[in-house]
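Read through the structure below, which is laid out as structure tokens, and then see the notes.
The values are calculated or read from the model by the stated rules, or taken from the named source; none is laboratory data. Because the structure is a prediction, the values reported are computed rather than measured. Note: ideal-geometry Cβ built from the backbone for every residue, glycine included; neighbour counts use all protein chains shown. Remember, those area values only see protein heavy atoms, side chains included, never the ligands or the DNA or RNA. Shrake-Rupley method; radii C 1.70, N 1.55, O 1.52, S 1.80 Å.
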Amino acid sequence: MSAHTAVPAVRRRSGGAARRLTYLTLAAVAFFSMLPLYYSIVVASRDNAALADVPPPLIPGGNFFANVARVFDTVPFALAMLNSVIVSGSVALAVMFFSTLAGFAFAKLRFRGRNALLLLTVATMMVPTQLGIIPLYMLMVKLEWTGTMYALIVPALVNAFGVFFMTQYLSRALPTELLEAGRVDGCSTWGLFWHVVLPAARPAAAVLGMLTFMSVWNDYFWPLVVLTPEDPTVQVALSTLASGYVNDYVLGLAGTTLGTLPLVIVFALLGKQIIGGIMQGAVKG
């Protein structure tokens, strides 16, 4: 074998080894990422006595549906799921829309005070959320929104992170020439936003929507403050399951497993857009 044929062969072997190492690493990361969820399902499908077994059980049992029934009998979990879906879905859609609208304005429109407004918006991210709880609650009382979904949805319709995120994305991903071409064709600013900006912002908006949905779904403190125990969200209902004198781990993890399913569904629905955005960026790069 000559030196010219030996070098490509060595490169192919080294490339194959690198690919195998990459796949093994990704498989290990996926395994350890899914392990907590899988073990939650295992525990949720057994009884509390099985948790003391040595070695611990690694295969799901046959009590999952019985434990799920106990969850619905202990707390109004169906109502909690419905409330969380309504609040998280509404907030995620609103944040996607308004953040894209504001990001388009900050990234591509020219108006007086643009940089100062963007800086002020970003500066609000440094204010701890807990500092606004008392005045926000006083406002909800004044509006008579305590105990309603309005108190969870309206204050979260837009946030500084979403505006900054979409501003940064659109400033790079949306060519100014495309907007100028649209204006030459007689498109208004609103028409540009609807027909040009929204399609271009779809991958980033999908990521922002997923992150927002997860954040609102996992929110515990504000729903606990502003809602009644009879009309909770998922996280408040889960805290009720774990508030007894004796911790019922099976009951808590059964509720946690049910509360995780909507997050998995949202990721499955938005995953195509997220992966498409990553591939689009890879091709452009």
Practice item. Find all pairs meeting these conditions: Cβ atoms under 6 angstrom apart; at least six residues apart or on different chains; first residue within segment 154-178 and more than 21 Å from V196 (Cα to Cα); second residue open to solvent by 50 Å² or more (accessible area, probe 1.4 Å). Key: V158/F98; A160/T124; A160/M125
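Has segment 121-129 got any residue that is under 23 Å from V236 (Cα atoms) and not small (G, A, S)? Working first, answer last.
Let us first name the residues in segment 121-129 that are under 23 Å from V236 (Cα atoms), namely 128-129.
Retained after the next criterion (residues that are not small (G, A, S)): 128-129.
So far as segment 121-129 goes, yes, one or more of its residues are under 23 Å from V236 (Cα atoms) and not small (G, A, S).
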Exercise for review: Please specify each residue of segment 14-29 satisfying the condition of being within 28 Å of the chain's Cα centre (by Cα) and open to solvent by less than 90 Å² (accessible area, probe 1.4 Å).
Suggested key: T22, T25, A27, A28, V29
Exercise for review: Hey, could you check segment 47-73 for residues that are within 16 Å of L258 (Cα to Cα) and touching a residue at least 24 places away in the same chain (Cβ under 8 Å) and say which is surrounded by the most Cβ atoms within 10 Å (Cβ to Cβ)?
Suggested key: V71
Review point. Out of curiosity, is F32 loosely packed, with under 10 Cβ neighbours inside 10 Å and assigned to a helix (DSSP H, G or I)?
Key: yes
Practice item. Confirm whether V196 is surrounded by 14 or more Cβ atoms within 10 Å (Cβ to Cβ), under 22 Å from T100 (Cα atoms), more than 24 Å from the chain's Cα centre (by Cα) and aliphatic (A, V, I, L, M). Key: yes
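Look at segment 153-188 and say how many of its residues are in a helix (DSSP H, G or I) and either of a type in the set (A, V, I, L, M, F, W, C) or open to solvent by less than 60 Å² (accessible area, probe 1.4 Å) (or both).
Residues that pass the stated criteria total 20.
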Exercise for review: Enumerate the pairs (first residue in segment 179-192 and within 13 Å of L109 (Cβ to Cβ); second residue anywhere and of a type in the set (D, E, K, R) and buried (at least 16 other Cβ atoms within 10 Å of the Cβ)) with beta-carbon separation below 7 Å, excluding pairs fewer than 6 apart on the same chain, so at least 6 apart or on different chains.
Suggested key: L179/K108
Review point. T148 versus (1) in a helix (DSSP H, G or I); (2) at pLDDT 90 or above: which is the lone unmet condition?
Key: (1)
**Study point:** Filtered residues of segment 50-88 (kept if polar (S, T, N, Q) and modelled with pLDDT of 90 or more)
**Key:** N83, S84, S88
Exercise for review: Taking the residues in segment 231-279 that are outside any helix (DSSP H, G or I) and open to solvent by 30 Å² or more (accessible area, probe 1.4 Å) as candidates, determine which candidate is modelled with the highest pLDDT.
Suggested key: D231
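In this structure, does G103 turn out to be within 30 Å of G191 (Cα to Cα) and part of a helix (DSSP H, G or I)?
Taking the combined requirement at face value, the residue satisfies it.
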**Study point:** Which numbered condition T146 fails, given (1) among the hydroxyl-bearing types (S, T, Y); (2) over 20 Å from L208 (Cβ atoms); (3) out of contact with any Phe, Trp or Tyr (no Cβ under 8 Å at 6 or more places or on another chain)
**Key:** (3)
